[in-house]
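Notes for the one structure printed next.
Taken together, the values in this text are just the output of simple stated rules run on the coordinates, not laboratory data. The structure displayed is predicted, hence computed values, not measured ones.
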Amino acid sequence: MKFAGILAVFVALMLSIGSAMAVPPGKTIEYAGKEGKVTFDGKSHADKGLKCPDCHVKPKLFEMKAGKVKVTMKEITEGKFCGTCHDGKKAFGVKEKADCVKCHKK
């Protein structure tokens, strides 16, 4: 009985740590960029039917903790990170200058 209580507390702690690092639907996270800040909106992606594992597990495009990997526009335009989906087919592209303002806000 005592073991079950300890196990329940451990599982609850592990679940809360994971959710503290992620950006759930309805929350945002901001990144500084040369062309203006970029705000990732968990809700807008969830509204499109995406779930966290779609980018954080398989394929593992991003780590769960923000800021762990430095993302560059060069990599994005090569189809890495955001560019995996934002390729102009699955989601709006990142290569056209007119699309910059969809992510970068001055």
Using only the Cα atoms of segment 23-65, build the gyration tensor, take square roots of its eigenvalues as a ≥ b ≥ c, and label the shape rounded, prolate or oblate: rounded if a/c is under 1.5, else prolate if a/b is larger than b/c, else oblate.
oblate
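Taking 21 Å as the cut-off for C-alpha to C-alpha distance, list the pairs among Lys58/Lys105; Lys65/Lys102; Lys34/Lys95; Lys60/Lys97 that go past it.
Where the Cα-Cα span goes over 21 Å, the pairs concerned are Lys58/Lys105; Lys65/Lys102; Lys60/Lys97.
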In nm, what is the difference between 0.36 nm times the number of residues separating Asp87 and Lys105 and their Cα-Cα distance?
4.5 nm
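Determine the shape class of segment 21-93: with a ≥ b ≥ c the square roots of the Cα gyration tensor eigenvalues, call it rounded for a/c under 1.5, and otherwise prolate if a/b is greater than b/c, oblate otherwise.
Verdict is rounded for segment 21-93.
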Karplus 3J(HN,Hα) series, Hz, for segment 34-48 with 6.51 cos²θ - 1.76 cosθ + 1.60 (x for Gly, Pro)
4, 9, x, 5, 10, 10, 8, 10, x, 5, 5, 6, 5, 4, 8
